[in-house]
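Notes follow once the structure below has been shown.
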Amino acid sequence: MSESTAPAAGLVVHGTGPNPEAWLPAAMRTALNAAADLGEGAQVELVVQGPAVALLAEASGPAGQLGDLVAAGVGVLACGNSLRSAGLAAGDLTSGVGVVPAAVGHLARRQWSGWAYVRI
Amino acid sequence: MSESTAPAAGLVVHGTGPNPEAWLPAAMRTALNAAADLGEGAQVELVVQGPAVALLAEASGPAGQLGDLVAAGVGVLACGNSLRSAGLAAGDLTSGVGVVPAAVGHLARRQWSGWAYVRI
Amino acid sequence: MSESTAPAAGLVVHGTGPNPEAWLPAAMRTALNAAADLGEGAQVELVVQGPAVALLAEASGPAGQLGDLVAAGVGVLACGNSLRSAGLAAGDLTSGVGVVPAAVGHLARRQWSGWAYVRI
């Protein structure tokens, strides 16, 4: 991904930490607003790590906002390590949510490709 | 901004989250120390997002440190979206504080221009 | 450091904030997992700032994991300013822990050299 020769214009938004009920909805809103602000030339991904991944498996709650993110072209990616820790599998996630093997590795590779990083 | 041909040497310090009374003074000190450490060739900006922007409207409290930041050439920038959520306008802010339309968009564009990012 | 002509492929993991007993062990695990994920070509550093540096002076507790990090080639670096605030000196730190004068300055310079940044 992002191996075009033109400089990448992407943004990874990193959400992690305790009390995800408090910050995940805000992180989703932030990613959505950033996609609107940065325009169609920029790719935006929300990378979710830690216990928060469990919220991406619920049809109600924060995952209810996922449709807006998908419609706006924002990628929502759960950390595979975090899923394993939570006893979940990729198939448990709400439709539209992707998985990366390890959040931190993905965040590093994106930045090496020229993407910006913002921690919620 | 920062569209010179020489590589930018800038740093955006991102402050956001609950309990800003606890972290905003530390974030200001961090930005000030970083400006001293990195020297005159480096630009430093403190970008304040979330409920913390209300503290930038008070003449006392954390905003009392603002003079030191301005004197050191550190930009202090409030997120316009956060101001609106707090029921504030740019004119309510302590003198010397600037506004960016959206914190995350600004942080992404700075990094695309070569600036470093540190989240407090 | 990292002044080779080839593009750097490094990652700085930034750990700071209150309650370090809660997050420092996780930050260490994250840095260790990232080093394994990113492979031998990538350098990984864990930069510890704030009251958490005191935990790097204890032979037991989180510092017990340090041997694994050192064995994996992960640098563990304490912020010199934070050490001073905690009333500690470099000599108080567990063997294998390094010191940078100021965490934020180090994090900025690493990113200017092409390293990625992840905040725990």
Of C:ALA103, C:GLY15, C:VAL53, which is farthest on the positive side of the dipole of the stretch C:4-115, counting Cα position, with +1 on Lys and Arg Cβ, -1 on Asp and Glu Cβ, and the Cα centre as origin? C:ALA103
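Net charge near C:LEU56, counting Lys/Arg +1 and Asp/Glu -1 over other residues with Cβ under 15 Å of its Cβ? Before the final figure, lay out each step's value.
Working: positive: C:ARG84; negative: C:GLU21, C:GLU45, C:GLU58, C:ASP68, C:ASP92.
Every neighbour counted, the sum reads -4.
Cβ under 14 Å from B:GLU45's Cβ, B:GLU45 left aside: what net charge do those residues give with Lys, Arg +1 and Asp, Glu -1? Could the numbers behind the result be given before it?
Working: positive: B:ARG109, B:ARG110, B:ARG119; negative: none.
Every neighbour counted, the sum reads +3.
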From the backbone phi of the stretch C:39-56, what are the Karplus-calculated ³J(HN,Hα) couplings (6.51 cos²θ - 1.76 cosθ + 1.60, θ = phi - 60°) in whole Hz, Gly and Pro given as x? x, 5, x, 10, 8, 10, 10, 9, 9, 9, 10, x, x, 4, 4, 4, 5, 7
So what are the ³J(HN,Hα) numbers for the stretch A:95-109, from phi and the Karplus equation (6.51, -1.76, 1.60; θ = phi - 60°), rounded to whole Hz, Gly and Pro as x? 4, x, 8, x, 10, 10, x, 8, 4, 5, x, 4, 4, 5, 5
Label position 7 Å from Cα toward Cβ: report the copy-to-copy distances for A:GLY41 in nm, one decimal, ordered from shortest. 2.9, 2.9
Can you tell me the mean projection area, over all orientations, of the convex hull of chain C's alpha carbons? Units nm², please. 6.7
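Under a Cβ-only charge scheme (Lys and Arg +1, Asp and Glu -1), can you give me the dipole magnitude of chain C about the Cα centre, in debye to the nearest 20?
Numbers: 5 positive and 8 negative charges, 62 e Å.
Here the size comes out at about 300 debye.
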Sorted by chain and then number, the residues having a modelled amide H within less than 5 Å of the amide H of B:ARG119, at least 5 places away or on another chain, are B:HIS14
Can you list the HN-Hα couplings for the stretch C:74-91, worked out from phi with the Karplus curve (6.51, -1.76, 1.60; θ = phi - 60°), rounded to whole Hz and with x for Gly and Pro? 7, x, 10, 10, 8, 6, x, 4, 5, 4, 4, 4, 8, x, 10, 10, 3, x
In nm, to one decimal, how far is the modelled label at C:ALA71 from the one at C:SER95, with both set 7 Å along Cα→Cβ? 1.5
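Considering only DSSP beta bridges where both residues belong to the stretch B:16-119, give the percentage that are antiparallel (nearest 5).
Here the antiparallel bridges make up roughly 0 percent for the stretch B:16-119.
Just flag the GluC sites (Glu not before Pro) in the stretch A:21-101 sitting in loop per DSSP whose Cβ has no more than 16 other Cβ atoms within 10 Å. Show your work: numbers first, answer last.
Values: sites: A:GLU21, A:GLU40, A:GLU45, A:GLU58; in loops: A:GLU40, A:GLU58.
Passing both the DSSP loop test and the Cβ count: A:GLU40, A:GLU58.
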Given a 10 angstrom Cα cut-off, can you work out which residue in C:ALA36, C:ALA103, C:ALA52 is the most mobile in a GNM of chain C? C:ALA36
For A:VAL99, other-chain or 5+-apart residues with amide H closer than 5 Å (H placed, Pro excluded) are A:ALA78
Compare the Cα positions of A:SER82, A:LEU66, A:PRO25 along the charge dipole of chain A (+1 at Cβ of Lys, Arg; -1 at Cβ of Asp, Glu; about the Cα centre) and return the one farthest towards the positive end. A:SER82
Rg and Dmax of the protein assembly as shown, Cα atoms only, in Å: 19.7, 55
With the stretch B:70-120 reduced to its Cα atoms and the Debye formula applied, log10 I(q)/I(0) at q = 0.31 1/Å amounts to -1.17
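Per residue, how many Å² of accessible area does the protein assembly as shown show with a 1.4 Å probe? If you can, show how the numbers build up before the last one.
On the way: 15260 Å² over 360 residues.
Result: 42 Å² per residue.
Determine the sum of side-chain charges near B:ALA116: Lys and Arg each +1, Asp and Glu each -1, restricted to other residues whose C-beta is under 12 angstrom from that of B:ALA116.
+3
Could you grab the relative contact order for chain A? Cα pairs under 8 Å, six or more apart, rounded to a whole percent. It would help to have the intermediate numbers written out before the result.
Values: 213 pairs, mean separation 40.2, N = 120.
Relative contact order comes out at 33 percent.
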Do the sum for chain B: with -39,500 (n - 2.57) for every DSSP H run of n ≥ 4, divided by all residues, what is the mean residue ellipticity at 222 nm, to the nearest 500 deg cm²/dmol? -10000 deg cm²/dmol
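The values are calculated or read from the model by the stated rules, or taken from the named source; none is laboratory data. This structure is a prediction, so every number in the text was calculated from the model and none was measured. Note that each Cβ is placed from the backbone with ideal geometry, even for glycine, and that neighbours are counted across all protein chains shown. Heavy atoms of the whole protein, side chains included, go into the accessibility calculation; ligands, DNA and RNA do not. Shrake-Rupley method; radii C 1.70, N 1.55, O 1.52, S 1.80 Å.
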